[in-house]
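Student: First the structure, then my questions, so here it is.
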Amino acid sequence: MHIKDIDLEKLSPMMKEYVKTKEEVGTDCFLFYRLGDFYELFFEDAEVCSRELEITLTGKLCGLDERAPMCGVPYHAVDTYVNRLIKKGYKVAICEQVEDPKLAKGLVKREITQIITPGTNTRSALLDDNSNNYIFSICYMGEKNGIAMADVTTGDFLLTEVNDIKSLMDEIYKYSPSEIVCNEAFMVCGIDLEEIRHRVGCLISALEPHYYDDDRCRKTLLNHFKVNSISGLGIEDFPHGVTAAGALFMYLTELQKCDLGHFTHIYPYVCDRYMLIDSSTRRNLELTETMRDKQRRGSLVWILDKTKTAMGARMINSYLRQPLLSKDEIEKRLDAVEAFCKEPVERDEIREYLNAVYDLERLIGKVSYKSIKPIDMIALKNSLAVLPYVKMITSGFESELIRQISEGIDELRDICTLIDEAILEEPSMNLKDGGIIKDGYSEDIDRLKAAKRDGKQWLAELESSEKERTGIPNLRIKYNHVFGYFFEVTNSYTGLIPDDFIRKQTLTNAERFSTEKLKELEDVILNSEERLVNLEYEIFCEIREKIASELDRIQGSAKAIATLDALCSFAIVAERNDYVRPKLNTKGVIKIENGRHPVVEKMIDHDMFIPNDTLLDNSKNLISIITGPNMAGKSTYMRQTALIVLMAQIGSFVPATSADIGIVDRIFTRVGASDDLASGQSTFMVEMNEVSNILRNATSNSLLILDEIGRGTSTFDGLSIAWAVVEHISNTKLLGAKTLFATHYHELTELEGRMSNVKNFSIAVKEQGDDIIFLRKIVKGGADKSYGIQVAKLAGVPDMVIDRAKEIVNQLVDNDIIEKIQSIEIKNTNNAKKVKVEHLDEVDLSQMSLFDTVKDEDIIEELKSLDITAMTPLDAMNTLYKLQNKLNNRFSFD
């Protein structure tokens, strides 16, 4: 049943209010409507939600001829159900009762308090502590495009601009947002939105045009940050980024229903300040997750992240997203890591203090959203309590960066003291249950607590004093639900009743009275619990608002602690794993002695990893062609080189005995490939797309890792492509990027000596009869064979297949193509001379085109001459059979 199909006039008053609220949130959002102790959903929301959440679908009488579909969840379990829907990519609106049902006249007033989407979810159950949960805003303008991103849980807000779609996609894959909002132009610009949804797993939606109005966006930012001009925010050079940021602020304000006070700064960044790592390279190098299992264990971050806080873990992730290009900035980080390595006692003391630090960034996010609980306040207090000690220790270091961190730590003693004086050490989990505020913080609360605890004693004392004052020995204080507390005096003593006693009831043998003092006690005792809970809540809110006014200070200390934690982690990793400080140069030289793969060495038992040297530069050692059998370690060697360079540029020590790293602007990898069935692309097409991307976007300062270029097609075509790629890269006028090039085309080893900047290397292998032993060592010179049959034997291929393979390879060796290879002339691209190259394979039957019809003209002409309208079905089948036989005979090969 759909709302649009029903007669609204027939609905009950409550259902009319529901429909009105539902129209506010739209059809793309589930409405959780609070009714008593449940959140209810109706009509199509109920039908879809019951199916997605696997809960019972029922019905409700609503004034229509048939019952309205309905389902619901208990209010105390709502987070669980909301998280499940958000994980599936849905939006959820929460509609709460905003007045006390006891005080309501007519229908209870309800309002939407929050609209939750994948990018605006603040519920911790669905968040990864070690990663940011970004929401993107894209202002697509064609030649220049604005990007703004925010993490609503931490208050991080960044913006930038990019020139083209490729750069835009790189930023999306770099940050992996859980939600993207954009202008309509982005939706129709030609980007494969389904590919983004599939690879990033995010919700993508276009906002109405008014969100991306330039003037409105600027005013939104000026109002929020309380500045007079955009230049006051330092973002005047990013006009489209400003528009994207303003649109995002409007969207978040509309959904979160609060002032977003924890967004205290906008941080602009220029993409050119950081190393570019595209999505393929991030995946191939397994920076944050493994390619096969998508697990953290086995990735680079698994090795580097030994942080004590969630903030530090997120900081390391940000370093991996954006390795530095500035030599000075890298050296500052390296100086800090070295300082912590040299002072292990102080470093370990800092880490011990950091054990007590909770996630400050997300705690202050809760303060801003007014969702912080009393137990969170204690976590905040305990975190702030260690700041003075951390600041004192870090102030003694000489490293410039550590000194900056120390100066950036605000001790926040006032906030810590406020919480310590006000909040119980073990407060109630629920704000509405009381049990939050300490004794001595508020006189009113102390009095109400005493009334709750000492009320009977107060009544006994009042009774005793009144007996003595009036001289009535049997005067008693009693209670019932009609009159509350009262004095009861038997008729025999009514003559002693004083004037200030107020008669409440006359009985057969007694009178009942009250006094001002008794009324006051009655009010205190009977209402103390409810008033105590309400007053504690009010005072808690006052404390929360005081803290909210200091969010900027807390955020500054949180960032300082996160940076400190990340650098300490780098130092611990360096010490435990025997890493060294890399030297940095701007001459383009990468010289690594005894380099190791940081992850693989930890996955191998008994320290059996074999280290290797690497030398790349811009002259004679531009390209290293690496040959050797499968499983010998070529890919591991190339990946470790890329990882060592990347680690150096994030400010980490590296796994080697020495390393001199020339700063690279980009790292590209082409390692392995698989069919992309979803987009209809074969292994070879995927490979060629990646190669095209590398050759078009790499620069002379880039590092290229190329593995098995050309293996997805025929031998001669693949070899030709690989050869041409090496030629192109080696030409310093066209590219000239430092390259590690692994291949099974041993013919490429002919390029050494014919190209001045190409060198051959191979993986050492020891033969024992028909068996081989991988020595895992990189040595100069090319391999003379691939050892493919030996590898197949190691893999357990049946002996009869192995024997037959040996026979065939011996026959093929007789038709060696080396002589043909040697007849190829190197294209002298530096001088732009065209040299004719001998064709290796004029007729390659394995690559014959399906559309090659030159030899089939007779069959085509016969098909054209057929008069199908005059043929019977049997004639048609016979003719088709005859033509099929002709083709079968023509393409049968011995």
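The values are calculated or read from the model by the stated rules, or taken from the named source; none is laboratory data. It should be emphasised that the depicted structure is a prediction, and the values quoted were computed from it without experimental measurement. All Cβ positions, even for glycine, are placed from backbone atoms using ideal geometry, and neighbour counts span all protein chains on display. Just so you know, the surface numbers come from the protein's heavy atoms only, side chains and all, with ligands and any DNA or RNA stripped out. Shrake-Rupley method; radii C 1.70, N 1.55, O 1.52, S 1.80 Å.
Student: Of the residues G753, G769, G736, which single one is at positive phi and modelled with pLDDT of 90 or more? Full working, then the answer.
Tutor: On the way: G753 fails: modelled with pLDDT of 90 or more; G769 fails: modelled with pLDDT of 90 or more.
Result: G736 is the single residue among G753, G769, G736 that is at positive phi and modelled with pLDDT of 90 or more.
Student: Could you list, in sequence order, the residues of segment 183-201 that are crowded, with 17+ Cβ neighbours inside 10 Å and within 19 Å of the chain's Cα centre (by Cα)?
Tutor: Of everything in segment 183-201, those that are crowded, with 17+ Cβ neighbours inside 10 Å and within 19 Å of the chain's Cα centre (by Cα) turn out to be I196, V200.
Student: Pull up segment 484-501, narrow it to residues that are aliphatic (A, V, I, L, M) and more than 15 Å from L462 (Cβ to Cβ), then point me to the one that is surrounded by the most Cβ atoms within 10 Å (Cβ to Cβ).
Tutor: We begin by selecting, within segment 484-501, every residue aliphatic (A, V, I, L, M); these are 489, 496-497.
Within this subset, residues satisfying the condition of being more than 15 Å from L462 (Cβ to Cβ) are 496-497.
Working: L496: 13, I497: 16.
So the residue we want is I497.
Student: Under 9 Å between Cβ atoms, which residue pairs at least 6 apart in sequence (or on different chains) link something in segment 502-524 that is more than 14 Å from E463 (Cα to Cα) with a partner that is assigned to a loop (DSSP other than H, G, I, E, B)?
Tutor: Close Cβ pairs (under 9 Å, with a partner that is assigned to a loop (DSSP other than H, G, I, E, B)) amount to I502/T515; R503/I497; K504/F483; Q505/V482; Q505/F483; E511/I497; E511/F501.
Student: Report every pair of residues separated by at least 6 positions or lying on different chains whose Cβ atoms are under 6 Å apart, first residue within segment 433-455 and over 15 Å from N527 (Cβ atoms) and among the small types (G, A, S), second surrounded by fewer than 17 Cβ atoms within 10 Å (Cβ to Cβ) and at pLDDT below 95.
Tutor: G435/S428
Student: For segment 862-874, which residues satisfy the criterion of being open to solvent by 70 Å² or more (accessible area, probe 1.4 Å) and of a type outside the set (A, V, I, L, M)? Full working, then the answer.
Tutor: Of all residues in segment 862-874, those open to solvent by 70 Å² or more (accessible area, probe 1.4 Å) come to 863-865, 867-870, 873-874.
Within segment 862-874, K864, S865, D867, T869, P873 meet the criteria.
Student: Just a yes or no: is a residue in segment 358-367 more than 18 Å from C541 (Cα to Cα), among the hydrophobic types (A, V, I, L, M, F, W, C) and surrounded by fewer than 19 Cβ atoms within 10 Å (Cβ to Cβ)?
Tutor: Checked against the condition, which is being more than 18 Å from C541 (Cα to Cα), among the hydrophobic types (A, V, I, L, M, F, W, C) and surrounded by fewer than 19 Cβ atoms within 10 Å (Cβ to Cβ), segment 358-367 yields no hits at all.
Student: Given the residues F761, F774, which is the only one that is modelled with pLDDT of 85 or more, among the aromatic types (F, W, Y) and surrounded by 12 or more Cβ atoms within 10 Å (Cβ to Cβ)? Walk me through it before giving the result.
Tutor: Values: F774 fails: modelled with pLDDT of 85 or more.
Every option except F761 fails the conditions.
Student: So, in segment 484-501, how many residues would count as being in contact with a strand residue (DSSP E or B) (Cβ under 8 Å, 6 or more places away or on another chain), without any contact (Cβ under 8 Å) to a residue 40 or more places away in the chain and closer than 12 Å to L518 by Cα?
Tutor: 3
Student: With T636, T641 as the choices, which residue is buried (at least 21 other Cβ atoms within 10 Å of the Cβ), out of contact with any Phe, Trp or Tyr (no Cβ under 6 Å at 6 or more places or on another chain) and either without any contact (Cβ under 8 Å) to a residue 12 or more places away in the chain or closer than 30 Å to I772 by Cβ (or both)? Quick ask: steps written out before the conclusion?
Tutor: Values: T636 fails: buried (at least 21 other Cβ atoms within 10 Å of the Cβ).
Of T636, T641, the one residue that is buried (at least 21 other Cβ atoms within 10 Å of the Cβ), out of contact with any Phe, Trp or Tyr (no Cβ under 6 Å at 6 or more places or on another chain) and either without any contact (Cβ under 8 Å) to a residue 12 or more places away in the chain or closer than 30 Å to I772 by Cβ (or both) is T641.
Student: Here's something else I'd like to know. Mind listing just one residue for me: the one in segment 425-483 that is assigned to a loop (DSSP other than H, G, I, E, B) and among the acidic types (D, E) and, of those, most open to solvent (accessible area, probe 1.4 Å)? Before the answer, list the steps.
Tutor: Residues of segment 425-483 assigned to a loop (DSSP other than H, G, I, E, B): 425-430, 434-436, 438-442, 471-475, 481-483.
Now narrow it down to the ones that are among the acidic types (D, E): 425-426, 439.
Working: E425: 91, E426: 166, D439: 115 Å².
Step by step, filter segment 425-483, then rank; the result is E426.
Student: Can you tell me which of P629, P598 is within 26 Å of F340 (Cα to Cα), in contact with a strand residue (DSSP E or B) (Cβ under 9 Å, 6 or more places away or on another chain) and either basic (K, R) or crowded, with 18+ Cβ neighbours inside 10 Å (or both)? Working first, answer last.
Tutor: Working: P629 fails: within 26 Å of F340 (Cα to Cα).
Just a single option satisfies the conditions, and that option is P598.
Student: Also, quick follow-up: When segment 76-97 is examined, which residues are found to be touching a Lys or Arg at 6+ places or on another chain (Cβ under 7 Å) and open to solvent by 20 Å² or more (accessible area, probe 1.4 Å)? Walk me through it before giving the result.
Tutor: The initial filter retains those residues of segment 76-97 that are touching a Lys or Arg at 6+ places or on another chain (Cβ under 7 Å), namely 79, 82-83, 95-97.
Correct list: D79, E96, Q97.
Student: Further question on the same structure: Please work out which residue is farthest from L643 (Cα to Cα), limiting yourself to segment 245-270 and to residues that are among the hydroxyl-bearing types (S, T, Y) and in a loop (DSSP other than H, G, I, E, B).
Tutor: Of the residues in segment 245-270, the ones among the hydroxyl-bearing types (S, T, Y) are 251, 253, 264, 267, 269.
Next, only the ones that are in a loop (DSSP other than H, G, I, E, B) stay: 264, 269.
Numbers: T264: 35, Y269: 24 Å.
This residue is T264.
Student: Hey, among D803, D707, which residue is of a type in the set (D, E, K, R) and open to solvent by 50 Å² or more (accessible area, probe 1.4 Å)?
Tutor: Selected residue: D803, the only one of D803, D707 that is of a type in the set (D, E, K, R) and open to solvent by 50 Å² or more (accessible area, probe 1.4 Å).
Student: For segment 20-64, which residues satisfy the criterion of being of a type in the set (D, E) and either crowded, with 16+ Cβ neighbours inside 10 Å or touching a residue at least 24 places away in the same chain (Cβ under 8 Å) (or both)?
Tutor: Pass one, segment 20-64, residues of a type in the set (D, E): 23-24, 28, 37, 40, 44-45, 47, 52, 54.
Once the filter is applied, which keeps residues that are of a type in the set (D, E) and either crowded, with 16+ Cβ neighbours inside 10 Å or touching a residue at least 24 places away in the same chain (Cβ under 8 Å) (or both), segment 20-64 yields E24, D28, D37, E40, E44, D45, E47, E52.
Student: Shifting gears a bit: Read through the list (1) in contact with a helix residue (DSSP H, G or I) (Cβ under 8 Å, 6 or more places away or on another chain); (2) in a helix (DSSP H, G or I); (3) in contact (Cβ under 8 Å) with a residue 60 or more places away in the chain, then give the number of the only condition that I763 fails.
Tutor: (2)
Student: Is it the case, given these coordinates, that V654 is open to solvent by less than 10 Å² (accessible area, probe 1.4 Å) and out of contact with any His (no Cβ under 8 Å at 6 or more places or on another chain)?
Tutor: The answer is yes for V654.
Student: For segment 43-98, list the strands (runs of 3 or more DSSP E) that sit wholly inside it and hold at least 2 residues that are touching a helix residue (DSSP H, G or I) at 6+ places or on another chain (Cβ under 6 Å) and of a type in the set (A, V, I, L, M); which are they? Give the steps one after another, and end with the answer.
Tutor: On the way: elements: 58-60, 68-74, 91-97.
Because the criterion is at least 2 residues that are touching a helix residue (DSSP H, G or I) at 6+ places or on another chain (Cβ under 6 Å) and of a type in the set (A, V, I, L, M), the strands (runs of 3 or more DSSP E) in segment 43-98 that meet it are 68-74, 91-97.
Student: Tally time: how many residues in segment 565-587 are crowded, with 19+ Cβ neighbours inside 10 Å and either of a type outside the set (S, T, Y) or at positive phi (or both)? Before the answer, list the steps.
Tutor: Initially, segment 565-587 is screened for residues crowded, with 19+ Cβ neighbours inside 10 Å, giving 565-574, 579, 582.
Okay, now just the ones that are also either of a type outside the set (S, T, Y) or at positive phi (or both), so 565-568, 570-574, 582.
Count: 10.
Student: Do you know which residues across segment 156-171 are open to solvent by 30 Å² or more (accessible area, probe 1.4 Å) and not hydrophobic (A, V, I, L, M, F, W, C)?
Tutor: Correct list: N163, D164, K166, S167.
Student: So in segment 100-145, with the set limited to residues that are over 29 Å from Y319 (Cα atoms) and among the small types (G, A, S), which one is modelled with the lowest pLDDT?
Tutor: Residue satisfying both the conditions and the ranking: A104.
Student: May I pose another question? Among the residues of segment 202-253, what is the count of those that are loosely packed, with under 13 Cβ neighbours inside 10 Å, touching a residue at least 24 places away in the same chain (Cβ under 8 Å) and within 19 Å of D28 (Cβ to Cβ)?
Tutor: 1
Student: Do you know which of the residues in segment 271-306 that are among the polar types (S, T, N, Q) and not in a helix (DSSP H, G or I) is surrounded by the fewest Cβ atoms within 10 Å (Cβ to Cβ)?
Tutor: Looking only at segment 271-306, we keep the residues that are among the polar types (S, T, N, Q), and these are 279-281, 284, 288, 290, 295, 299.
If we keep only those that are not in a helix (DSSP H, G or I) as well, we get 288, 290, 295, 299.
Working: T288: 21, T290: 15, Q295: 11, S299: 20.
Out of the qualifying residues, it is Q295.
Student: Do we have any residue at all in segment 520-529 that's surrounded by 14 or more Cβ atoms within 10 Å (Cβ to Cβ), within 30 Å of T417 (Cα to Cα) and either more than 52 Å from the chain's Cα centre (by Cα) or not small (G, A, S) (or both)?
Tutor: Looking only at segment 520-529, we keep the residues that are surrounded by 14 or more Cβ atoms within 10 Å (Cβ to Cβ), and these are 521-526, 528-529.
Remaining after also requiring within 30 Å of T417 (Cα to Cα): 528-529.
Pick out the ones that are also either more than 52 Å from the chain's Cα centre (by Cα) or not small (G, A, S) (or both) and you get 529.
Yes, that holds for at least one residue.
Student: With the checklist (1) touching a helix residue (DSSP H, G or I) at 6+ places or on another chain (Cβ under 8 Å); (2) farther than 26 Å from E529 by Cβ; (3) of a type in the set (V, I, T) in hand, flag the one item T494 doesn't pass.
Tutor: Exception for T494: condition (1).
Student: I've got another one for you. Could you grab me the full set of residues in segment 99-125 that are open to solvent by 60 Å² or more (accessible area, probe 1.4 Å) and either outside any loop (DSSP other than H, G, I, E, B) or of a type in the set (A, V, I, L, M, F, W, C) (or both)?
Tutor: We begin by selecting, within segment 99-125, every residue open to solvent by 60 Å² or more (accessible area, probe 1.4 Å); these are 99-103, 105-107, 109, 111, 124-125.
Hits for segment 99-125 are L103, L107, E111, S124, A125.
Student: Would you be able to say whether some residue in segment 433-443 is of a type in the set (F, W, Y) and under 26 Å from Q505 (Cα atoms)?
Tutor: No, there is no match, as no residue in segment 433-443 is of a type in the set (F, W, Y) and under 26 Å from Q505 (Cα atoms).
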